[in-house]
Amino acid sequence: MGRLEPIEREALSEDVRTLVDLGAEMMGFTPNDALIMARNPQLTKALSALVGAVYGGGTVDPGLKRLIGYINSTAAGCVYCQVHTAHGAHNAGIEALKIQKAWEFETSDLFSDAERAALRVALGAGKTPNEVTDAEFADLKSYFTDDEIVEILSVIGMFGFLNRWNSTLATELESTPLSFAKTTQIQTTDG
């Protein structure tokens, strides 16, 4: 059980309900973290804008962005975000096997050298203190433009907030991503 209860959708103001519904449309379910965050409408609005900016465009593959979030969230120890990002990667077209093998990105033929570079940075950035090396960043720069690196780091930065938020609150997983995690047997830090 989570440490704070989500607010009922019907109790939300119309503008916040609209944002929560947009999130639900994007994810395929209503996220509990959004219903908890709705206690602070300004925070909900700001995070909604951030999520839109992070996922709403650019040239980095949407599936890779979700895998970056998955590796980063696992390194940070947030099971809620791990499961959400794995589910999101699948919804963005990443095969279940590739998600299951995400922790083998260094050696698996399922991953390109560019993906390896991005996931390596996501892993190091998810740790405290940050473990991204100059060599890893230089490798990232050999595959991605500066603008694409900003996209990659925006995913990592957004999950820096979400990982702390959800792991501290012990946010309860929703049935849709939980079912996905169980059927695909994705790896999480809690096993």
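Condition check ((1) outside the structural domain of residue 154 (by TED's automatic domain parsing); (2) closer than 26 Å to residue 168 by Cα; (3) free of Cβ contacts under 8 Å to residues at least 40 places away in the same chain) across all residues:
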residue	(1), (2), (3)
74	no, yes, no
83	no, yes, no
87	no, yes, no
96	no, no, no
100	no, yes, no
103	no, yes, no
106	no, no, yes
112	no, no, yes
129	no, yes, yes
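Give region 137-157 a look and list any residue that's within 13 Å of the chain's Cα centre (by Cα) and among the hydrophobic types (A, V, I, L, M, F, W, C), or say none.
152, 153, 155, 156
Looking for whichever is β-branched (Val, Ile, Thr), assigned by TED's automatic domain parsing to the domain that holds residue 176 and closer than 18 Å to residue 189 by Cα here; the options are 121, 79. Which one fits?
Unique residue meeting the criteria: 79.
Sort out which residues of region 129-165 are polar (S, T, N, Q) and either modelled with pLDDT under 95 or part of a helix (DSSP H, G or I) (or both), and write them in order of number.
154, 163
Looking at residue 86, is it surrounded by fewer than 22 Cβ atoms within 10 Å (Cβ to Cβ) and either closer than 20 Å to residue 153 by Cα or of a type in the set (Asp, Glu) (or both)?
In short, no.
When residues of region 166-191 are filtered for being polar (S, T, N, Q) and part of a helix (DSSP H, G or I), how many remain?
Of the residues in region 166-191, 8 are polar (S, T, N, Q) and part of a helix (DSSP H, G or I).
From the list 64, 50, which residue is at pLDDT 95 or above, more than 10 Å from the chain's Cα centre (by Cα) and closer than 18 Å to residue 116 by Cβ?
Of the residues listed, the single one that is at pLDDT 95 or above, more than 10 Å from the chain's Cα centre (by Cα) and closer than 18 Å to residue 116 by Cβ is 64.
Could you run through region 35-47 and say how many residues are touching a helix residue (DSSP H, G or I) at 6+ places or on another chain (Cβ under 9 Å), more than 13 Å from residue 159 (Cα to Cα) and touching a residue at least 24 places away in the same chain (Cβ under 8 Å)?
Looking only at that region, the number is 7.
With the structure loaded, tell me whether residue 117 is under 14 Å from residue 75 (Cα atoms), buried (at least 19 other Cβ atoms within 10 Å of the Cβ) and of a type in the set (A, V, I, L, M) or whether it fails that test.
When the stated conditions are applied, residue 117 does not pass them.
Being surrounded by 14 or more Cβ atoms within 10 Å (Cβ to Cβ), in contact (Cβ under 8 Å) with a residue 40 or more places away in the chain and either among the basic types (Lys, Arg) or on the phi < 0 side of the Ramachandran plot (or both) is the requirement here; does residue 26 meet it?
no
The values are calculated or read from the model by the stated rules, or taken from the named source; none is laboratory data. What you are looking at is a predicted structure, and each value in this text was computed from that prediction instead of being measured. FYI the Cβ positions are ideal-geometry reconstructions off the backbone, even for glycines, and counts take in every protein chain you see.
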